[in-house]
Amino acid sequence: MAAKSITPDGVSTLLANPSPDSLSDLPDIVVQIVDLKPSGNRYMFSARDGKKKLRAILPSNMYSEVLSGNIQNLGLVRILDYTLNDIPNKSEKYLIVTKCEPVSPALEMEIKSEEPGILLKPKEEAGLKTEGDAGIVLKQKQEVVTKSAAQILNDQHRNSAPAARMAMTRRVRPLVSLNPYQGNWTIKVSVTNKGNMRTYKNARGEGCVFNVELTDEEGTQIQATMFNDAARKFYDKFVLGKVYYISKGTLKVANKQFKTVQNDYEMTLNENSEVEEVAGEASFVPETKFSFVQIDQLGPYVNKSELVDVIGVVKNVSSTMSIRRKSDNESIPKRDITIADETKKTVVVSLWNDLATNTGQDLLDIADQSPVVAIKSLRVGDFQGVSLSTISKSVILVNPDVPEAKKLRSWYTNIRYATVALLWYFYDSHTYMSALAHRYESEGKDASMDSVGSGSSPTSNNGIRSVYTDRVPLAHITSDQSLGETKPAFFSVRGYISFIKPDQAMWYRACKTCNKKVTENIGSGYWCEGCQKNDEQCSLRYIMVAKVCDTSGEAFFSVFNQEAEKIVGCSADDLDDLKSQEGEDNPYNLKLKQVTWAPHLFRVSVTQNEYNNEKRQRITVRAVVPVDFAAESRMMLEEISKMRA
């Protein structure tokens with residue numbers, strides 16, 4: 001067995017070889033680990049050879065070695081691969097140990113310089129010991145070869161393919177070991193995602209850019225970006241799923257606003273960077289890793305570039321609809337699913353393209369089983385307060401084998417059947433409650449779950465713009481005609497519906513698939529321009545105007561279908577049925593009178609519209625909820641406290 005001691009002057013040897021060109025150039029060095037301590041997902045320590053110390057880092061891929069006890073403080077390790085980096089603004093260097101093996105567990109004490117240095121035996125026990133120096137091993141003299149090492153290397157280099165030559169002459173480093181202070185490095189990665197070529201225009205002129213997501217064999221990912229000449233050079237070179245050797249790139253701290261992978265750094269490749277394809281090698285397919293955000297915590301991500309991962313129970317799956325894209329007038333499929341999690345909040349996730357037609361159809365087929373879905377890389381929008389939308393790189397796993405899914409399934413099963421059990425226990429003999437229990441059991445719906453965008457919490461600090469934020473009187477909006485000139489302005493208003501004109505166009509005929517306006521066909525049915533099809537039936541959707549007033553003034557609000565249904569209390573189809581009834585007390589007019597003078601909390605947007613060459617304010621209701629007087633009282637007390645402070 002190898003002797004358990006350090007290599008004399010090991011630190012000096014490391015400093016003298018800051019970046020060996022190949023694995024064969026690496027000296028056999030054993031050091032003692034001193035002052036081992038965690039730092040984030042890495043471990044910091046000092047490498048000691050008995051005389052000198054060198055600050056060092058064990059990267060995250062070796063974290064488990066420390067936790068398992070294989071690597072210990074005051075223990076010995078053999079350095080198998082490393083990189084020396086400069087410490088910014090200092091003359092010191094630190095050692096990044098990319099590969100090592102434990103030699104000895106923790107010793108009783110730190111090895112001091114006065115102790116005699118004992119060389120570790122080589123891995124192959126071949127050699128002669130001198131009688132006077134026990135423990136010092138002399139290697140046998142190498143046999144003389146007919147070719148020099150340089151000649152052999154030259155022959156191998158000349159006969160190898162380009163990618164193989166790069167592998168022989170440069171060490172391949174794992175992505176986890178890279179940082180902005182390194183110079184020469186080579187990585188071996190596969191392309192796991194490739195973006196489109198995009199053009200931009202700024203003060204310095206026009207240009208083009210595209211990026212790729214790269215993954216190494218350990219599953220670490222990094223985003224690489226190329227501009228202008230580099231973008232044109234490498235766009236066709238990078239093929240999704242292929243493996244490459246890459247060198248002569250630069251790294252910088254990742255911009256959180258634009259990064260798409262979990263890495264502290266991002267890579268930039270220029271026209272001088274080297275990219276060589278590795279032929280005949282399978283792509284490194286990384287295991288999908290999630291960083292879940294709970295539904296009630298989605299607020300801070302609204303309309304931000306940062307993507308989120310969510311997990312939830314599927315409560316509803318819509319049918320596929322066709323949406324016509326404005327940019328190229330192309331129709332693309334869309335499907336909405338509603339998911340819930342342990343926060344008892346729901347959110348709508350819009351699936352697009354193949355995810356809508358394939359995965360969405362699979363979810364529709366098993367919707368009655370309430371499957372659990374884990375979705376990676378979602379964009380957070382402000383439709384209906386908070387909404388989620390898939391993008392090209394989004395991944396959906398149905399009933400994934402992860403701890404969060406099992407926990408969520410257990411929670412949903414408990415809340416789904418707890419109420420049913422209570423109903424059967426207390427009201428089994430009561431016909432109505434028995435029927436209610438049957439209905440609850442069959443539907444499995446939890447009525448207490450609200451949409452995360454409903455804005456029902458005045459003291460919420462989760463970033464969602466609710467009906468309790470930006471509260472202003474109506475006069476603040478109507479007195480400033482410049483509001484909404486450049487971009488929509490958003491406010492919250494507490495007011496009363498004072499009047500709804502009965503003879504206005506209260507609704508429009510809509511396609512049941514895409515909700516767009518349809519026209520009555522000459523023969524029969526209704527023609528939808530968006531879906532390019534004729535249907536026998538259509539639905540009615542609200543598009544009404546209501547006068548709203550408060551203590552400061554009044555204004556006309558434009559109200560659309562979902563918000564109008566909350567105000568009127570019925571669908572447009574139901575209100576149309578009331579309008580068709582005759583009599584002195586027309587139920588249609590009575591219904592509109594009943595909804596007046598009821599208090600509401602409105603979230604509105606203010607924009608500028610031009611009509612007959614005259615600019616006018618347009619106030620549109622984005623959300624509406626009944627007044628919660630307890631919440632209003634708490635808000636008033638908070639305002640009074642601020643005034644008194």
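The values are calculated or read from the model by the stated rules, or taken from the named source; none is laboratory data. This structure is a prediction, so every number in the text was calculated from the model and none was measured. Don't worry about glycine lacking a Cβ; one is built from the backbone with ideal geometry, like all the others, and counts go over all protein chains shown. With ligands, DNA and RNA removed, areas are computed over all heavy atoms of the protein, side chains included. Shrake-Rupley method; radii C 1.70, N 1.55, O 1.52, S 1.80 Å.
Couple of notes before you dig in:
- Per-atom-type breakdown for the range 518-589 gives carbon and sulfur 44% of the accessible area (1.4 Å probe, protein chains only).
- Segment VAL239..SER524, full-extension length gain: 97.5 nm, with 0.36 nm per residue of separation and the alpha-carbon distance subtracted.
- When each of the peptides 42-53, 192-203 is scored by how many other beta carbons lie within 10 Å of its residues on average, the order from highest to lowest is 42-53, 192-203.
- Per residue, the range 519-645 exposes 61 Å² of solvent-accessible protein surface, assessed with a 1.4 angstrom probe and all protein chains in place.
- Fraction of accessible area attributable to carbon and sulfur, the range 195-328 (%, probe 1.4 Å): 46 percent
- Calculated FRET efficiency for the pair LYS344/LEU637, C-beta based, R₀ 30 Å, to 0.05: 0.70
- Put simply, when 177-186, 346-355 are sorted by average Cβ atoms within 10 angstrom per residue, most first, you get 346-355, 177-186.
- Net length available on complete extension from ILE366 to THR513 is 50.8 nm, with 0.36 nm assigned per residue and the Cα-Cα distance removed.
- When the listed pairs LYS188/LYS289; LYS256/LYS344; LYS188/LYS242; LYS99/LYS259 are checked against a 18 Å cut-off, the alpha-carbon distance exceeds it for LYS188/LYS289; LYS256/LYS344; LYS99/LYS259.
- Between LEU80 and ASP354, full extension at 0.36 nm per residue minus the direct alpha carbon distance yields a gain of 94.0 nm.
- With each label modelled as a point 7 angstrom along the Cα→C-beta vector, the ASN228-ASP382 pair spans 3.6 nm.
- 5 angstrom amide H check on TYR43, placed H, neighbours 5+ away: LEU58
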